[in-house]
Amino acid sequence: MSTQRGNGGTQEMTSSQWIDMEKQYYMFTVRRQPVVLARGEGTKVWDVEGKEYLDFCAGWAVDNLGHSHPAITEAITRQASTLMQTSNQFYTLPQLQLAQLLVENSALDKVFLSNSGAEALEGVSKLARKYGKKNRDGAYEVITAFNSFHGRTMSMVAATGQPHYQEPFQPLTPGFVHVDYNNVEAIMEATTDRTAAVLLEPVQGEGGVIIPSPDYLPRVREWCDSQGLLLLLDEVQTGFGRLGTLFGYESFGIEPDGMALAKGLGGGVPIGAFMSKDQCMALEPGDHGSTFGGNALTCAAAYASTSYIIDNDVSANARRMGEYLRDGLEGLKSRYSFIADVRGLGLLMAMEFDDNISGKVVAQCNEEGLLLNPVKPNAIRFMPPLNITPAEIDPAVERLEAALKAVSA
Ligand SMILES: *Cc1c(COP(=O)(O)O)cnc(C)c1O
């Protein structure tokens, strides 16, 4: 049913020939699905043979408006023929317009634009160190959570609380202390004179879609206030409507002192940002910079995507469609006893199995025409475009069911 062909087969080479090219030329650092994508539109993508898939990976929670959204492609086309890259010695309009949009729609006062999530988190970590130096007698430690994910640069590998990302790269950047997620007392116990900040994901995404209890972030907020610590949020995956609110912190009723953004910010172009409240903006001229950060092209795309999300309240659609998808997944859970759990917030969701079958399920979903992420050996992750409709969720749940049937047969 899902193997319609002839829609996008623009390449003459077959998928397996392209995959052979990878083996010859590309560093093997990521295990990929054997799917070679050629084209996308909305929630659908087509491989080089023209097979159609529903894309519930959406570029790792990046394509919040789906593929090739006209508002974004129009902005990119217009800006590409106007002005793309200048150095940050000069001002450009798209950068300032995006900065204004982000500040006026968030609880933060200032923004710095980067090129990726890890880079944004490097920036906010530098801010924390400088803040500690100035305001907390040289304190420099950042408390982060086990099972977190903050990116792949050397310092973000140190911040990420998962040993398997760290062990090959010892010695790690010092200054990151890990505690259990969703445990305020653990943060209290880890706080010392050396602590400058606490850095958390509002929901742990790569860690398997772990939702903290509703009072976790509010209580961490109280603790940070009582101790003079910065509360920094990694909103790289949760920002721009993913959890059903424009920023994840709104879902928990708190405001951070600083946050990192990326993924959904650019609607498909590489851009990140970190933001700060004025009272903890410790960085000064010369402390930070970037050649490409705040580039006019990526800023124009990010402005188009973000203003569309805000103006059309796409976050509310993510909330409604999250509930709709959850109903579908709960229906499957009631029929297949090997489904152990369905959890999520907004359109960031996971299905957990009682065995390590996520690789098999995802492989079978590829066959059925549904792209998913095996986030853990026993769990798959759902992060479709946020403007998705029931007309796309229904066939996705059907394709997943067909895959579950095949895997359990
Ligand atoms: C993806 C991700 C990052 C890293 O972002 P990159 O753009 O890949 O550097 C950091 N934190 C979280 C929560 C993420 O999901």
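So what is the accessible area of the chain per residue, in Å², with the probe set to 1.4 Å?
Working: 17930 Å² over 409 residues.
Value for the chain: 44 Å² per residue.
Would you mind telling me the share, in percent, of accessible area of segment 70-311 contributed by carbon and sulfur at probe 1.4 angstrom? Don't jump to the answer; show the numbers that get you there.
Values: 5330 of 9850 Å².
Summing carbon and sulfur atoms, their accessible area is 54 percent of the total for segment 70-311.
Can you tell me how segment 202-303 classifies by the Cα gyration tensor, rounded, prolate or oblate, using a/c under 1.5 as the rounded cut? Please report the intermediate quantities before stating the final value.
Working: a/c = 2.50, a/b = 1.26, b/c = 1.99.
Oblate, since a/c reaches 1.5 and b/c is not below a/b.
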Amide H contacts of residue 370 (H built 1.01 Å from N, under 5 Å, at least 5 apart or other chain): 54
Per the C-alpha gyration tensor (a ≥ b ≥ c, the square roots of its eigenvalues), segment 268-346 is rounded if a/c is under 1.5, else prolate if a/b beats b/c, else oblate; here it's prolate
Sorted peptide list for 96-102, 372-378, criterion being average Cβ within 10 angstrom, highest first: 372-378, 96-102
Between segment 145-162 and segment 368-404, what is the separation of their alpha carbon centroids in Å? 27 Å
Counting only helical runs of four or more DSSP H residues, what would the 222 nm mean residue ellipticity of the chain come to if each run contributes -39,500 (n - 2.57) and the total is spread over all its residues? -11500 deg cm²/dmol
Where only alpha carbons of segment 1-135 are counted, the Rg and the Dmax (Å): 20.3, 62
Could you give each residue of segment 126-136 its phi-based ³J(HN,Hα) in whole Hz, using Karplus coefficients 6.51, -1.76, 1.60 with θ = phi - 60°, and x for Gly or Pro? 4, 4, 5, 4, 5, 4, x, 4, 7, 10, 10
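How would you order 50-57, 118-125 from highest to lowest mean count of nearby Cβ atoms within 10 Å? Spell out each step's value before the answer.
Working: 50-57: 22.4, 118-125: 27.0.
Packing order, densest peptide first, comes out as 118-125, 50-57.
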Residue 408 accessible area, assembled protein chains, probe 1.4 Å, Å²: 70 Å²
Charge-dipole axis of the chain as Lys and Arg at +1 and Asp and Glu at -1 on Cβ define it, positive-most pick from 21, 125, 85: 21
Under-5 Å amide H pairs with residue 180, H placed in peptide plane, nonlocal only: 146
May I ask you to give the average projected area over all directions of the convex hull of the Cα atoms of segment 355-406, in nm² rounded to one decimal? 3.4 nm²
For the chain, the dipole about the Cα centre with charges only on Cβ (Lys and Arg +1, Asp and Glu -1), to the nearest 20 debye, works out at 520 debye
Can you give me the C-alpha center-to-center distance between segment 254-283 and segment 181-207, rounded to a whole angstrom? 18 Å
How many percent of the alpha carbon pairs in the chain exceed a separation of 37 Å? 22 percent
At q = 0.13, 0.16, 0.17 Å⁻¹, base-10 log of I(q)/I(0) for segment 70-311 (Debye sum, equal scatterers on each alpha carbon): -0.75, -1.12, -1.25
In terms of solvent-accessible area of protein heavy atoms at a 1.4 angstrom probe, what is the ranking of 86, 238, highest value first? 86, 238
Crossing angle, helix 314-335 versus the chain [Cα axis fit, 0-90 degrees, rounded to tens]: 50 degrees
Can you tell me the mean projection area, over all orientations, of the convex hull of segment 68-153's alpha carbons? Units nm², please. 8.7 nm²
Mind checking which lysines have their Cα closer than 25 Å to the Cα of residue 126? Skip sequence neighbours fewer than 8 apart in that chain. 110, 134, 263, 277
So who's got an amide H within less than 5 Å of the one on residue 116, skipping anything under 5 residues away but keeping other chains? H placed 1.01 Å off N, in plane. 272
Please determine, in degrees from 0 to 90 and to the nearest 10, the orientation of helix 296-311 with respect to the longest principal axis defined by the Cα atoms of the chain, where the helix direction is its Cα long axis. 80 degrees
Figure the gain on full extension for residue 91 and residue 340 (residue separation times 0.36 nm, minus the Cα-Cα span) and round it to one decimal in nm. 84.3 nm
Selection from 336, 164, 315, by position along the positive dipole direction of the chain (Cβ): 164
With respect to the cross-link table entries 23/376; 44/333; 23/405; 51/405, which display a Cα-Cα separation exceeding 29 Å? 23/405
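The values are calculated or read from the model by the stated rules, or taken from the named source; none is laboratory data. All figures in this text were calculated on a predicted structure; none of them were measured in a lab. Cβ: placed from backbone, ideal geometry, glycine included. Neighbour counts: every protein chain shown. With ligands, DNA and RNA removed, areas are computed over all heavy atoms of the protein, side chains included. Shrake-Rupley method; radii C 1.70, N 1.55, O 1.52, S 1.80 Å.
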